[in-house]
Amino acid sequence: MVGNDPLYTDPEFAQFYDLENGWGDDFTYCADLAKCAGSVLDLGCGTGELLATIAPKRAVGVDPAGAMLELARARKGGDKVEWLQADARHLILEERFDLIVLTSHAFQVFLTDEDQHAALATIRRHLAPNGRFVFDTRNPARKAWEDWTPERSLRRLSHPKLGEVKVWNDADYDANSHIVSITAHYQPASDTRVYTAVSRIRFTPQPELAARLEAAGLAVSSWMGDWQGCQYGKDEKEIIPIGRLAG
Ligand SMILES: C[S@@+](CC[C@H](N)C(=O)[O-])C[C@H]1O[C@@H](n2cnc3c(N)ncnc32)[C@H](O)[C@@H]1O
């Protein structure tokens, strides 16, 4: 169920998130956009690194996962941000923002057409007349899930308290729904336990996303294929719309 993923809601799993999801090209791109924004809304903000670092005059981070927000609040700069435990599909704030972002593929947590429409309607509802939105979703044509096998995904991370943690994934792609169920396994060297959680994400083809954005009243000014700013093409890794309110 959307917003109920143990990877994010369970502190035992949330503690692993920042080990491999630090500052990247997506944050750099959004930080540049935020330079001309007085207010920024981050939907699915997770552990909050982006907002806590860029600290615009007004920053609101929204996430249903309390365990992720705990980490966001505790981080340096976290006190400059308003963190709201809420579902992006149902958010109603009496406020509009100059920039609205969803980073690290947070948009893929919305699993049905209705969920995606609701999230896009939230963007429309909270975007200032000259405001901009940007988010990323992995291009299904690149079949990222084929790399999420135990052999190909095995990596070793360093946890500040648990020491070395062996991590690997399994994934199962459903061609009808375009939903991938990913199993994540974390095995700290200092522990006999293996922490295992399943999460689900949806892969949406670009034409379908374009139609859904238009239906939600959002106009895309440019489609990128990566966070370095390359134009979107059908074989690019990412699908990244940047836009404004339509009309
Ligand atoms: C892949 S993480 C991305 C976190 C963050 N944006 C980043 O860049 O690190 C996806 C986030 O979406 C959040 N999420 C799940 N369902 C959501 C919903 N219905 N509304 C808003 N956020 C949601 C999860 O709790 C998680 O923190």
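The values are calculated or read from the model by the stated rules, or taken from the named source; none is laboratory data. Since we're looking at a predicted model, the values are computed, not measured. Note: ideal-geometry Cβ built from the backbone for every residue, glycine included; neighbour counts use all protein chains shown. SASA here: full protein model, heavy atoms, side chains in, ligands and nucleic acids out. Shrake-Rupley method; radii C 1.70, N 1.55, O 1.52, S 1.80 Å.
Odds and ends about this structure:
- Per the listing 67, 52, 34, 59, the residue uniquely more than 8 Å from the ligand (Cβ to nearest atom) and under 27 Å from residue 200 (Cβ atoms) is 67.
- Any hit, the stretch 119-138, residues being of a type outside the set (Lys, Arg), within 12 Å of the ligand (Cβ to nearest atom), open to solvent by 10 Å² or more (accessible area, probe 1.4 Å) and more than 20 Å from residue 225 (Cα to Cα): no
The rows are residues; the columns are (1) touching a Gly at 6+ places or on another chain (Cβ under 8 Å); (2) not assigned by TED's automatic domain parsing to the domain that holds residue 31.
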{"residue": "155", "(1), (2)": "no, yes"}
{"residue": "175", "(1), (2)": "no, yes"}
{"residue": "190", "(1), (2)": "yes, yes"}
{"residue": "195", "(1), (2)": "no, yes"}
{"residue": "211", "(1), (2)": "no, no"}
{"residue": "220", "(1), (2)": "yes, no"}
{"residue": "226", "(1), (2)": "no, no"}
{"residue": "231", "(1), (2)": "yes, no"}
{"residue": "241", "(1), (2)": "no, no"}
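- Search result, residues across the stretch 98-117 that are near the ligand (Cβ under 9 Å from one of its atoms) and over 19 Å from residue 26 (Cβ atoms): 115
- One residue alone among 152, 212 is basic (Lys, Arg), in a helix (DSSP H, G or I) and surrounded by 13 or more Cβ atoms within 10 Å (Cβ to Cβ), and that residue is 212.
- Residues of the stretch 177-209 classified as crowded, with 16+ Cβ neighbours inside 10 Å and assigned to a strand (DSSP E or B), total: 14
- Of all residues in the stretch 198-247, those satisfying the criterion of being β-branched (Val, Ile, Thr) and under 17 Å from residue 142 (Cα atoms) are 201, 204, 239, 240.
- Residues located in the stretch 100-115, provided they are open to solvent by less than 10 Å² (accessible area, probe 1.4 Å) and touching a Ser or Thr at 6+ places or on another chain (Cβ under 7 Å): 107, 108
- Qualifying residue in the stretch 6-15 (condition: of a type in the set (Val, Ile, Thr), surrounded by 15 or more Cβ atoms within 10 Å (Cβ to Cβ), at pLDDT 90 or above and within 8 Å of the ligand (Cβ to nearest atom)): yes
- Entry remark, the stretch 76-97: residues being more than 9 Å from the ligand (Cβ to nearest atom), more than 16 Å from the chain's Cα centre (by Cα), at pLDDT 95 or above and open to solvent by 60 Å² or more (accessible area, probe 1.4 Å) number 6 in total.
- Residues that are assigned to a helix (DSSP H, G or I), hydrophobic (A, V, I, L, M, F, W, C) and within 19 Å of residue 26 (Cβ to Cβ) within the stretch 123-149 comprise 123, 144, listed in sequence order.
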